[in-house]
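The values are calculated or read from the model by the stated rules, or taken from the named source; none is laboratory data. This structure is a prediction, so every number in the text was calculated from the model and none was measured. All Cβ positions, glycine included, derive from the backbone under ideal geometry; neighbour counts span all protein chains shown.
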Amino acid sequence: MNLLRTKSVEQSIRDTEEPAHRLRRALSALDLTVFGIGVIIGTGIFVLTGQVARDNAGPAVALSFILAAVVCGLAALCYAEFASTVPVAGSAYTFSYATLGEFPAWVIGWDLILEMALGAAVVAVGWSGYFASLLDDIGVTLPTTIADPPGEGGTVNVPAIVLVLLVTALLVLGIKISSRVNAVVVAIKVSVVLLVIFAGLFFVKGRNYDPFIPPSASTPEVAGLDAPLMQVLFGVTPVAFGWLGIFSALAIVFFAYIGFDIVATAAEEARRPQRDLPIGLIGSLVVTAILYAAVSTVVVGMQNYRELSTDAPLADAFKAVGHPVFATIIDVGAVIGLTTVVLILLLGMSRIFFAMGRDGLMPRWLSVVHPRFGTPYRSTVIMGLIVAALAGFIPLAELATLVNIGTLFAFVVVSLAVVILRRTRPDLPRAFRTPLVPLVPILSVLACLFVMINLPVETWLRFVVWMGIGIVIYAAYGYRNSRLQRAHAEAPSGK
């Protein structure tokens with residue numbers, strides 16, 4: 001059993017030209033950048049700002065956002081080299097297949113499916129909450145049985161299901177129309193963020209920044225499976241405020257940036273991938289890092305960090321200074337903005353399924369492209385139905401952290417794969433080269449591992465169980481039906 005057989009970069013690129021499995025190259029560098037901004041600006045900027053300022057970093061929360069952007073930037077540099085060198089759908093799955101081998105590629109593909117499916121479902125549920133709240137403000141109250149998440153008083157979350165199905169239909173209709181809708185929604189979302197920054201400046205009070213870095217304070221030790229892995233392994237307990245609090249907040253706000261890597265899943269649909277993909281990956285990260293830092297600085301200046309809301313800190317900060325109209329605008333922006341997060345997560349997930357189907361690790365019919373719309377419609381529809389079911393019927397609150405560990409695991413694999421491909425294929429033309437290899441990839445791995453060990457033990461156990469299920473599926477189906485396996489079996493003996 002050759003579990004580490006690799007698929008050459010040249011073969012991966014040739015597969016993109018098969019008529020039945022060819023995606024349309026319709027995305028520009030601007031489209032890709034807007035995709036990245038669309039998926040990054042979501043619940044992180046509308047919710048996490050208040051939570052980490054109040055509980056972890058104080059007014060210095062902007063430093064945590066900047067440091068988290070640096071951590072993601074290290075991974076983005078590695079993604080940019082791979083995506084421009086291997087401009088094929090599948091992102092980290094495809095990169096792993098070319099460097100680490102088939103079984104590691106399957107593992108990372110299975111991991112990405114978990115990350116994006118749960119991520120899209122969790123965001124859809126969050127969108128449903130904002131939507132129900134807005135309807136309530138205008139006098140329309142949805143019954144809790146069809147509006148609240150299962151496990152929180154509801155039976156089925158109808159708004160979340162409807163959102164996912166509408167977004168799925170949009171993705172089937174074509175990548176360009178999806179890109180145009182995303183661009184409009186992102187423009188609205190960024191406008192709301194800029195409103196918070198510039199309108200909020202008029203209500204900033206200097207005393208709210210004093211002290212900028214509050215004195216550190218011990219937090220209660222978390223016990224059992226809820227304890228961070230770092231606490232279990234090294235006996236290190238979390239600390240609030242001070243510089244350790246800023247680093248503790250980094251582990252939380254890091255997840256506000258999750259999603260920029262989805263730009264790489266659209267590599268096969270970029271017009272000039274060698275140039276456009278690095279711009280999309282790094283450009284979206286830079287723009288959102290600036291917006292995150294600016295918003296968090298303004299909000300802690302408007303309201304003392306101890307008084308910030310953890311549910312809707314931006315809107316509630318404007319209510320606290322006597323401007324509820326701005327708060328309503330922010331809530332509308334959140335509802336509109338979260339739509340693009342679901343859209344782009346579903347886009348990424350369908351492309352992972354498409355790539356795995358084309359390689360035979362999933363059923364080949366999943367990789368058939370619609371003759372009119374040029375989209376992998378079968379994988380898109382199936383993934384949309386799965387996410388709709390998760391969002392509508394499954395309690396997701398305790399599963400949300402699996403999104404985080406799945407993303408970090410992908411970052412680690414891609415960072416290592418850059419070093420490996422530099423050694424095994426130094427001849428490959430690279431339009432973008434990660435600087436200071438192997439230093440930057442090593443720093444990326446270490447930074448991601450630091451964040452991973454801050455996750456609860458329970459998250460690690462659930463992740464191991466999901467991976468175990470994936471291994472069983474690979475053994476039962478993927479290994480036998482792999483195109484590489486079939487090509488090997490059909491080759492004449494002695495060759």
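Filtering the range 134-163 to residues that are surrounded by 16 or more Cβ atoms within 10 Å (Cβ to Cβ) and not aliphatic (A, V, I, L, M) leaves 148, 149, 150, 154, 157, 159. Scanning the range 13-25 for any residue that is of a type in the set (A, V, I, L, M, F, W, C), crowded, with 18+ Cβ neighbours inside 10 Å and touching a residue at least 60 places away in the same chain (Cβ under 8 Å) turns up at least one such residue.
Reported count of residues in the range 140-177, each being more than 21 Å from the chain's Cα centre (by Cα), among the hydroxyl-bearing types (Ser, Thr, Tyr) and within 30 Å of residue 29 (Cβ to Cβ), is 0. Restricting the search to the range 221-276, which residues are within 24 Å of the chain's Cα centre (by Cα), surrounded by fewer than 21 Cβ atoms within 10 Å (Cβ to Cβ) and among the polar types (S, T, N, Q)? The answer is 274, and nothing else. Selection of helices (runs of 4 or more DSSP H) fully inside the range 67-184 by the criterion of at least 2 residues being under 24 Å from residue 252 (Cα atoms) returns 102-137.
Counting only helices (runs of 4 or more DSSP H) wholly contained in the range 204-315, the ones carrying 3 or more residues that are in contact with a Phe, Trp or Tyr (Cβ under 6 Å, 6 or more places away or on another chain) and farther than 24 Å from residue 449 by Cβ occupy 273-302. Number of residues in the range 393-405 that are at pLDDT 85 or above and either closer than 26 Å to residue 365 by Cβ or touching a Ser or Thr at 6+ places or on another chain (Cβ under 7 Å) (or both): the value is 1. Taken over the range 319-337, the criterion of being in contact with a Lys or Arg (Cβ under 9 Å, 6 or more places away or on another chain) and not β-branched (Val, Ile, Thr) is satisfied by 326, 327, 333, 334, 337. Taking the numbered list (1) closer than 30 Å to residue 435 by Cβ; (2) buried (at least 23 other Cβ atoms within 10 Å of the Cβ); (3) touching a Phe, Trp or Tyr at 6+ places or on another chain (Cβ under 8 Å) in turn, residue 318 passes all entries but (1). Is it the case that residue 420 is out of contact with any strand residue (DSSP E or B) (no Cβ under 6 Å at 6 or more places or on another chain) and surrounded by 15 or more Cβ atoms within 10 Å (Cβ to Cβ)? Here the answer is yes, as residue 420 does meet what is asked.
Those helices (runs of 4 or more DSSP H) of the range 349-462 in which at least 1 residues are in contact with a His (Cβ under 9 Å, 6 or more places away or on another chain) and over 25 Å from residue 275 (Cβ atoms), considering only elements entirely within it, cover 377-393.
Taking the listed residues 395, 441, the one that is out of contact with any helix residue (DSSP H, G or I) (no Cβ under 6 Å at 6 or more places or on another chain) and touching a residue at least 60 places away in the same chain (Cβ under 8 Å) is 395, with no other qualifying.
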